[in-house]
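K.L.:
The structure that follows is given in the form of structure tokens.
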Amino acid sequence: MENKQKGQEEILHKLNIHALNPMQEEALTSMVSNVNTILLSPTGTGKTLAFTLPLINSLNVDCKEIQALILVPSRELAIQIEQVIRSMGSGYKVNAVYGGRSMSKDKIELKHLPAILIGTPGRIADHFSNNRFSKDFIKTLVLDEFDKSLEVGFEYEMRGIINQLPSLNKRILTSATQGIEIPDFVGLTNPNKINYLGTSVSKLTVKTVISPSRNKLNTLLHLLNYIGQEQGLIFCNLKDSIQGVSSFLESKNIKHSCFNGGMEQKDRERSLIKFRNGTNQLLIATDLAARGIDVPEMKFIIHFELPKFKDEFTHRNGRTARVAAKGTAFVIKWKDEMLPEFIKNAAVQDISKQAVRKPIFWETLFISGGRKDKISKGDIAGLFLKQGNLTKDQLGLIELKQDCAFVAVPVSISKPLVSKLNNTRLKKKKVRVSII
């Protein structure tokens, strides 16, 4: 137990976390001592860390098979959890598999089995039906965002997956909302329920912005100019609405990314990368971005179109005012439009005072080499600092993927940098460098 405590302290130090919050402390105690746990806590309170810490502590270092399965409703959530566990530096291998990327990538990564496998129901069901690995050593099952993964559309696959886990002895279910009935096939007998949904002291402020016209685009522009130079999310209900907002902002020379379920997985990932590294400070998205995407802390989100249900409103708002930070959710409302009953105490915001929007500083470069080429972030930093002659202040966020990497650099030097570094050697690989 002492070694596990020491390991936990090292992990928290790597994550730059000084102490667990009360929800995480209670979850950790429950998941160590109880067979089944249901964890309900608002978005942004640290549920991923709450279940990954006890999960890592439960793994057998001598076992070379998959020991834990984490099922999630979206690709982005799978990727986020994989990144969190990797950043913990536990020494255990972790992989995420999901629809939208080639099966050959999965097969390559699964040649050396991870201790923890994360995946969407469809992709996991495919691997199960083709017997690509043993299921006999999987003892822990996590259903993250179970209110989505146990919906009717996933039921057939979820039932099939859980029925093929003969050694399962621990189940952990997490969500930021409650109300869904948990099906019998999950096997959740006598769970310990941890509910922090009503006790969270939120620092979220909800404000209403009145649009004089049914077409809210000009009001959105005035609001963005009022907010000024901050990163934020603009939520729409439909991908067609996203296209309309995107075209409008493009005509006003406001840089942004788009994110919806109709986009190719590669394009969705690149949109998030450019948003994370500051190339684009706005992300226009459907409710897909309300859950489990890895983006920086934001001071605001905008409901350009009103959500239809309370759960959607809750998850959208959860992208700001996370953990102990403050945040504002702006609701743009046509003057004759009625607000849903779940949007309460939203004072009207005067946006007549306009801030100055400054030009974006960063551009994103693509590098055609990644982890599989034994390339590290340090190797990439060395290339840009030494051969590219960048200063440390000019080297932005580096994101390393399996087969490529992305680097943020100042817009003003991005083109000369591409000319200088394209077709240079990184480790033993000749890499292409280009602007995305």
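Where a number appears in this text, it was derived from the coordinates with a stated rule and is not lab data. Everything numeric here is computed off the predicted structure, so don't read it as measured data. Counting neighbours? That spans all protein chains shown, and the Cβs are built from the backbone with ideal geometry, glycine included.
K.L.:
Which FRET efficiency value, to the nearest 0.05, is calculated for residue 167 and residue 253 with the Förster distance at 45 angstrom and r the Cβ-Cβ distance?
P.N.:
0.20
K.L.:
Taking other Cβ within 10 Å of each residue's Cβ, how do 427, 353 sort, fewest first?
P.N.:
353, 427
K.L.:
Another question, if that's okay. Name the long-range amide H neighbours of residue 205: under 5 Å, sequence gap of 5 or more, or other chain; modelled H, no Pro or chain starts.
P.N.:
Sorted by chain and number, the residues that satisfy this are 327, 328, 329.
K.L.:
If you count the DSSP beta bridges with both ends in the chain, what percent of them are antiparallel, to the nearest 5?
P.N.:
Roughly 20 percent of the DSSP beta bridges within the chain come out antiparallel.
K.L.:
Explain nothing, just the number: dipole magnitude of the chain about its Cα centre with +1 on each Lys and Arg Cβ and -1 on each Asp and Glu Cβ, in debye rounded to the nearest 20.
P.N.:
Dipole about the Cα centre, nearest 20: 1760 debye.
K.L.:
Now for a different question. Which value, to two decimals, describes the C-alpha radius of gyration of segment 310-421 once divided by 2.2 N^0.38 Å?
P.N.:
Against the compact-globule rule of thumb, the ratio is 1.63.
K.L.:
Mind checking Rg over Rh on segment 204-348, alpha carbons, Kirkwood formula for Rh?
P.N.:
Reported Rg/Rh, Kirkwood definition of Rh: 0.93.
K.L.:
Follow-up. Once phi is turned into θ = phi - 60°, what whole-Hz ³J(HN,Hα) does the Karplus curve with 6.51, -1.76 and 1.60 give for every residue of segment 113-123, x standing for Gly and Pro?
P.N.:
5, x, 6, 10, 10, 10, x, 7, x, x, 6
K.L.:
Full extension from residue 16 to residue 356: what is 0.36 nm times the residue separation minus their Cα-Cα distance, to one decimal in nm?
P.N.:
119.0 nm
K.L.:
Rounded to the nearest 500 deg cm²/dmol, what is the calculated helix-only ellipticity per residue at 222 nm for the chain, with -39500 (n - 2.57) per DSSP H run of length n ≥ 4?
P.N.:
Here the helix-only value at 222 nm equals -9500 deg cm²/dmol.
K.L.:
May I ask you to evaluate 6.51 cos²θ - 1.76 cosθ + 1.60, the Karplus curve with θ = phi - 60°, for each residue of segment 130-144 and list the ³J(HN,Hα) values in order in whole Hz, giving x for glycine and proline?
P.N.:
3J(HN,Hα) across segment 130-144, in whole Hz: 9, 6, 7, 7, 6, 9, 5, 9, 7, 9, 10, 10, 10, 10, 8.
K.L.:
Just to verify a number: FRET efficiency for residue 178 and residue 9, C-beta to C-beta distance, R0 = 35 Å, to 0.05?
P.N.:
0.60
K.L.:
Among (i) 35, 31, 20; (ii) 32, 24, 21; (iii) 88, 46, 16, only one was calculated for this model; which label is it, if the read-out is semi-axes √(5λ) of the Cα gyration tensor in Å?
P.N.:
(i)
K.L.:
Rounded to the nearest Å, what's the spacing between the alpha carbon centres of segment 247-267 and segment 138-166? Just the number, please.
P.N.:
Comparing the Cα centres of segment 247-267 and segment 138-166, I get a distance of 33 Å.
K.L.:
Given a 10 angstrom Cα cut-off, can you work out which residue in 171, 425, 86 is the most mobile in a GNM of the chain?
P.N.:
Evaluated over the chain, the most mobile residue of the options is 425.
K.L.:
Ok, one more. Going by amide H atoms built from the backbone, whose H comes under 5 Å of the H on residue 38, apart from near neighbours?
P.N.:
Hits under the 5 Å cutoff: 173, 192, 193, 194.
K.L.:
A further question follows. Mind listing the phi-derived Karplus ³J(HN,Hα) values for segment 377-389, rounded to whole Hz, using 6.51, -1.76 and 1.60 with θ = phi - 60°, and x for any glycine or proline?
P.N.:
With coefficients 6.51, -1.76 and 1.60, one gets 4, x, 4, 5, 4, x, 4, 6, 6, 8, 7, x, 6 Hz.
K.L.:
Would you calculate the separation in nanometres between label points at residue 207 and residue 297, each defined as 7 Å from the Cα along the Cα-to-beta-carbon direction?
P.N.:
1.9
K.L.:
Count charges around residue 237 for me, please; just the other residues with Cβ under 12 Å from its Cβ, Lys/Arg as +1, Asp/Glu as -1.
P.N.:
That sum, taken over residues with Cβ under 12 Å, equals -1.
K.L.:
Next question, about the same structure. Between the alpha-carbon centers of segment 358-430 and segment 1-61, tell me the distance in whole angstrom.
P.N.:
Answer, in whole Å: 35.
K.L.:
I've got another one for you. Between residue 432 and residue 130, what is the FRET efficiency for a Förster distance of 51 Å, r being their Cβ-Cβ separation, to the nearest 0.05?
P.N.:
Once rounded, the FRET efficiency stands at 0.90.
K.L.:
I've got another one for you. Residue 266 versus residue 25, label points 7 Å from Cα toward the beta carbon: distance in nm?
P.N.:
Output for this residue pair reads 4.8 nm.
K.L.:
Mind putting a number on the dipole of segment 204-348 about its Cα centre? Charges go on the C-beta only, +1 for Lys and Arg and -1 for Asp and Glu, and I need it in Debye to the nearest 20.
P.N.:
Its charge dipole is roughly 260 debye.
K.L.:
Choose one of 339, 116, 253: the residue whose Cα lies farthest towards the positive end of the charge dipole of the chain (beta-carbon charges +1 Lys, Arg; -1 Asp, Glu; about the Cα centre).
P.N.:
Comparing the listed Cα positions along the dipole, 253 ranks first.
K.L.:
What translational diffusion coefficient, in µm²/s and rounded to a whole number, does the Stokes-Einstein relation yield for segment 267-317 at 20 °C and a viscosity of 1.002 mPa s, taking the hydrodynamic radius as the Kirkwood radius over Cα pairs?
P.N.:
Using the Kirkwood radius from Cα pairs, D works out to 181 µm²/s.
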